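Here the structure is laid out as structure tokens; the discussion comes afterwards.
The values are calculated or read from the model by the stated rules, or taken from the named source; none is laboratory data. Just so it is clear, the structure is predicted and the values come from calculations on it, not from any experiment. All Cβ positions, even for glycine, are placed from backbone atoms using ideal geometry, and neighbour counts span all protein chains on display. In case anyone asks, the SASA skips ligands and DNA or RNA and just uses the protein heavy atoms, side chains included. Shrake-Rupley method; radii C 1.70, N 1.55, O 1.52, S 1.80 Å.
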Amino acid sequence: MRIPTIGLEIHTELKTGEKMFCSCLNDPNEVKPNVNVCPICLGHPGTLPTINREAVEAVLKLGLALSGKIAKNSHFDRKSYFYPDLPKAYQISQHEHPLIEGGMLRNIRIHRIHLEEDAGRLLHELPGSKKTNATHVDFNRAGVPLMELVTEPDIKSAEEAVQFARELRLMMRYLGISDADMEKGQMRVEANISLDMGTKVEVKNINSFRAVHDAIVYELERQKKLLEEGGKVIHETRGWNESKKQTVSQRTKEEAHDYRYFPEPDLPPLEFEDADILRASAGVPELPEAKRHRFVAEFGFNIEDVEVLIENREYADFFEAAASELKALVPGTDYRLLYNYFTSDLRGLMNEKNVSVGEIKITPEHFAHLTAMVERGELSSRLAKDILLKMFETGEDPEILKKQEKLEFISNEDELKVLAEEIIGKNPKAAEDYRKGKEEVIQFLVGQVMAKTRGQADPEVLREIFGRLLN
Ligand SMILES: [Zn+2]
């Protein structure tokens, strides 16, 4: 059996207001080319870069969240290479003194995290798909803060690599430092893959979690076959071809660039004081892993159920606020109904209308109130769904909506009395049990009327009527 050794290099665009070394807007959604540009990010002679504090703090936060070591002294270097999307013909990066060294996530050791700037983008087709024979360059992305995280080669399988990358993305979203959307190129994964600690191959162009998995599986298989046939793995960079589901050789390491690194003379070294670290650590919220375990302990859910809440920090916050309110309204609740209404009904509405938790009109308090009304038997679950939809549209209190709804459903006492008498007639045993002191039978009888009227009867009035009729 051959032992895989996998290390990841993950580039992430940071969600800062401005670019890394100038005050141009960092807007990943800008579609018009070359609007967020200035002489600095276009690399004009005589311009001077300045360091974006927000970007540095973002990396410090991630470093702290991963228990990495923050460099006391760190600086930027020039990495020289020529490419049409790199206007200066060098990239400002960090070579010998990265911001963060060490750290750990899901039992995978972090080697280092450093900060650099992104390059522009080559367009072989103009927006609106006007075909031309030329290649165009969009510099909107040039100079956007880019963070590179490198793991130690601790990963043993494609599944483990995907889990690591997913957890890192979740953590970065919790920290609010990046949306890390792989489809949009905000997070890009490269994998260094070898078997039996042999020659490693670097695989690039991996643009989804699915591709992370498939590329590693393919590459491990390719290397295994090669070795079994008596061949040799060569040190090279390969690209993942999504349509062919194959890695394809891009260049061998013999052709690798000499980047001629040297310290960036236009930028001061970075020195951190305790106050800087303190400020960064104040910006680190409860992390996904801690929240998972706390939710399991506090709500009694299993770890799989909790995942739906954890996958989005806003979901987790909303649910937690609603749960605390529900506990006050219905002591002893098991939070099951709240969980179901949240994960299926409310999330269904949000997906349907394409809005986030932050955008909805329902408050956690009202949501908990609705759940409490159902748990107490004041509202049928059918009516609860109607009211939830109205709450979603108006943000109104469920109690008020219920009163308005009453006009539409049966609360007329005479009408309900007829229905109640009919149900008692059909269930003489239940009526008998009630008279013998089994008071909970009322709930069963109310349920029968609710079923018959498809939830349109008023359960409170019904309970009163049954009480009167049976006594
Ligand atoms: Zn600029």
Positive-end residue, the chain charge dipole about Cα centroid, Cβ charges, pick of His366, Leu175, Ser194: Ser194
Starting from the residue with the highest accessible area, list Val37, Val418 in decreasing order, probe 1.4 Å. Val418, Val37
Anisotropy class of the chain from Cα gyration tensor, a/c 1.5 cut: prolate
GluC sites (Glu not before Pro) restricted to the stretch 37-122 and DSSP loop, no more than 15 other C-beta within 10 Å: Glu96
Only Lys, Arg, Asp and Glu count, each charged at its Cβ (+1, +1, -1, -1), so figure out the dipole size of the stretch 172-275 about its Cα centre, rounded to 20 debye. 720
In square angstrom, rounded to the nearest 10, how much accessible surface does Val31 have for a 1.4 Å probe? 120
The chain - accessible surface per residue (Å², probe 1.4 Å): 50
HN-Hα J couplings of the stretch 91-108 from phi, Karplus 6.51/-1.76/1.60, θ = phi - 60°, integer Hz, Gly and Pro as x? 10, 7, 9, 10, 9, 7, 10, x, 5, 10, 10, x, x, 7, 9, 6, 6, 9
For Leu123, distant residues with modelled amide H under 5 Å away: His136, Val137, Asp138
Checked the stretch 103-254 against the a/c 1.5 cut and the a/b vs b/c comparison, axes a ≥ b ≥ c from its Cα gyration tensor; verdict oblate
If I ignore ligands, DNA and RNA and count only protein heavy atoms, how much of Lys69 is accessible to a 1.4 Å probe, in Å² to the nearest 10? 140
Report the local net charge at Pro98: Lys and Arg +1, Asp and Glu -1, summed over other residues whose C-beta lies under 12 Å from its C-beta. -3
Could you pull out every residue, at least 5 positions away or on a different chain, whose amide H is within less than 5 Å of the one on Asp77? Hs are placed 1.01 Å off N in the peptide plane, and Pro or chain starts have none. Ser93, Gln94, His95, Glu264
Roughly what angle does helix 459-470 make with the longest principal axis of the chain, taking Cα atoms, 0 to 90 degrees, to the nearest 10? 30
Rounded to the nearest Å, what's the spacing between the alpha carbon centres of the stretch 299-332 and the stretch 201-223? Just the number, please. 36
Scan around Ile110 for amide H atoms under 5 Å from its own, H built in the peptide plane at 1.01 Å from N, and keep only partners 5 or more places away or cross-chain. Gly103, Met104, Leu105, Glu152
Positive dipole terminus of the chain, leading residue within His95, Ile400, Ile155 (C-beta point charges): Ile155
Determine the dipole magnitude for the chain: charges of +1 sit on the beta-carbon of Lys and Arg, -1 on that of Asp and Glu, nothing else is charged, the reference point is the Cα centre, and the result goes in debye to the nearest 20. 980
Calculate how steeply helix 381-394 sits against the longest principal axis of the alpha-carbon atoms of the chain, using the helix alpha-carbon long axis, and give the answer as 0 to 90 degrees to the nearest 10. 50
What's the magnitude of the charge dipole for the stretch 227-297 around its Cα centre, counting Lys and Arg as +1 and Asp and Glu as -1 at the beta-carbon? Answer in Debye, nearest 20. 580
What ranking do 103-111, 314-322 get when scored by the average of other Cβ atoms within 10 Å per residue, highest first? 314-322, 103-111
Cα long-axis angle, helix 158-175 against the chain (0 to 90 degrees, to the nearest 10): 80
Using helices alone, what [θ] at 222 nm do you get for the chain, with -39,500 (n - 2.57) per DSSP H run of 4 or more residues, divided over all residues and rounded to the nearest 500? -12500 deg cm²/dmol
For the stretch 234-247, Karplus couplings with θ = phi - 60° (6.51, -1.76, 1.60), whole Hz, Gly/Pro x: 9, 6, 8, 9, 10, x, 8, 9, 5, 6, 8, 6, 9, 8
May I ask which residue of Val308, Leu25, Val217 lies farthest towards the positive end of the charge dipole of the chain, with charges of +1 (Lys, Arg) and -1 (Asp, Glu) on Cβ and the Cα centre as origin? Val217
Can you tell me the relative contact order of the chain? Whole percent, Cα pairs under 8 Å, sequence separation 6 or more. 13
